[in-house]
Amino acid sequence: MAIDLHRCAVVADPGDLLLTRVYPAPFRPSRTPFQRDRERIVQARAFRRLAGKTQVFTSRASDHFRSRLTHTIEVAQIARAVAASLGLHEDLAETLALVHDIGHPPFGHAGERALDWCLKRHGSGFDHNIHALRIVDHFEQRYAAHRGLNLTLGVREGIIKHSRDYSIEKHPDLKGLLLDQRPPLEAQLIDLADEIAYLTADLDDGVESGLLEIGHICEHVEIVARCYKNVEREHAGVDEKFLFNEALQLMQNILTDDLIENTALNTQAIGAESLADIRRHPSRLALFSPEVEAQRLQEKQYLYDTLYTCPALEHEHDKAEEVVTALFDYWINDPAELPVSHFESVEKQGLARVVADYIAGMTDSFILMQYAQIKRAVRQ
């Protein structure tokens with residue numbers, strides 16, 4: 001399926017605003033600016049650490065479950081396919097997909113909630129998009145001339161705006177990221193590619209874990225039931241597990257095709273002929289159709305009711321919140337125990353933010369090791 005919206009795509013011609021970087025960078029004729037950004041992200045320490053961070057199940061539970069890194073790769077595959085089908089800038093879409101989760105702390109959303117709660121007690125909060133920008137702008141140190149990865153404005157804007165809108169009044173620190181305009185379609189599609197990836201993967205991992213049953217899913221999730229029946233008609237007598245795998249692939253294709261078709265229809269409906277038209281529109285245009293959106297919401301609610309809040313995972317979430325909160329309070333009360341490299345940031349950022357930054361960068365295994373060491377130290 002190919003739908004040409006190239007006139008509304010990020011063009012990325014030399015001199016384009018979205019190609020600008022904070023620091024000068026030499027031209028590389030063998031790679032586009034967004035390809036270079038992609039490579040800088042993939043080579044970043046924070047990207048590598050995604051391999052040790054929870055997606056739904058803690059990484060220590062099984063080698064077969066998705067980590068934050070493998071989930072990111074799946075999102076990138078979908079994002080690039082959607083961008084290619086729409087005639088958008090594939091390199092930008094892929095790069096934004098690869099960086100979209102780089103700001104997540106350990107233990108998935110449970111860790112993020114705990115870190116946000118800890119910071120709120122100190123008059124602040126934790127936002128993984130903003131933290132992702134701080135990672136690529138400041139924490140990553142690979143170059144002699146400057147801190148950060150020195151990414152293009154197009155990628156930095158997409159990191160912040162791919163999943164939600166931010167106002168300059170509430171976030172003056174984000175000035176320069178075009179907060180008064182809608183993001184390009186390449187950025188808008190990332191959040192929905194993320195949805196497609198995890199809706200498929202979480203059902204797969206849920207069944208693999210034994211926490212979900214295929215029959216129960218088909219009874220309560222319309223789109224899965226329909227896909228399963230179609231696959232079953234074509235492959236009579238095949239083991240249920242393989243039918244379910246095929247059904248999930250069919251479901252992913254349905255969601256992806258709908259996103260492509262509906263985004264094209266929405267863009268054509270407003271008569272968009274340029275990126276400027278996309279930016280000026282009062283709402284986002286990368287959306288599922290109403291029918292598919294209802295099916296997506298039904299599946300998402302099912303996952304919340306049966307998987308994300310099931311007793312086995314709630315126990316993991318409680319443990320995650322306990323670990324994050326205990327370590328945060330420990331370093332707040334005894335900042336001398338922080339690594340020396342963090343001391344210089346305390347005066348500028350404040351102790352609470354520095355502690356949160358330190359925790360957010362940890363993998364699941366490292367934070368558990370820190371927790372065990374501190375518990376031993378306290379007992380002594």
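Any read-out appearing in this document is the output of simple, stated calculations on the displayed coordinates, not a laboratory observation. Source: prediction; values computed, not measured. With ideal geometry, Cβ positions are generated from the backbone for all residues, glycine too; neighbour counts draw on all protein chains shown.
Legend: distances between Cα atoms for K120/K319; K170/K348; K53/K229; pairs beyond 27 Å are K53/K229. Using +1 at the C-beta of Lys and Arg and -1 at the C-beta of Asp and Glu, which of G154, L199, T20 has the Cα lying farthest in the positive direction of the dipole of the chain? Of G154, L199, T20, it is T20. Residues Y143, Y302, Y371 in ascending order of nearby Cβ atoms (within 10 Å, fewest first): Y143, Y371, Y302. Estimated at 0.36 nm per residue, the fully extended path between H220 and R279 surpasses their Cα-Cα distance by 17.4 nm. Each label point is 7 Å from the Cα along the Cα-to-Cβ direction; what then is the distance between the points at Y23 and W117, in nm? My value for the distance between the label points is 3.9 nm. Taking every C-alpha pair closer than 8 Å and separated by at least 6 residues, the mean separation divided by the residue count of segment 315-379 gives a relative contact order of 39 percent. Placing a label point 7 Å from the Cα of Q301 along the Cα-to-Cβ direction, the residues of segment 204-237 whose backbone N falls under 17 Å of that point are 217-225.
Here the label points at R147 and S289, each 7 Å from Cα along the C-beta direction, are separated by 4.9 nm in the simple model. GNM on the chain, alpha-carbon springs under 10 angstrom: the most fluctuating residue among I160, I270, I196 is I270. For the options H216, H162, H89, a Gaussian network treatment of the chain with springs between C-alpha atoms closer than 10 Å singles out H216 as fluctuating the most.
Computed from point charges on the beta carbon alone (+1 for Lys and Arg, -1 for Asp and Glu), the dipole magnitude for segment 241-350 about its Cα centre is near 460 Debye. Exposure proxy for H71, H6: other Cβ atoms within 10 Å of each Cβ, ordered fewest to most, give H6, H71. Between N245, N262, N333, the GNM of the chain built on Cα springs shorter than 10 angstrom shows N333 fluctuating the most. Across q = 0.20 Å⁻¹, segment 315-379 modelled as identical point scatterers on its alpha-carbon atoms has Debye log10 I(q)/I(0) values of -0.79, in the order of the q list. Loop exposure criterion: trypsin sites (Lys or Arg not before Pro), DSSP state outside H, G, I, E and B, at most 16 other Cβ atoms within 10 Å. Applied to the chain, the longest stretch between such sites is 176-380. FRET efficiency for I73 and E347, Cβ-Cβ distance as r, R0 = 41 Å, nearest 0.05? Once rounded, the FRET efficiency stands at 0.60. Normalised by the number of residues in the chain, the average gap of Cα pairs under 8 Å and 6 or more apart makes the relative contact order 21 percent.
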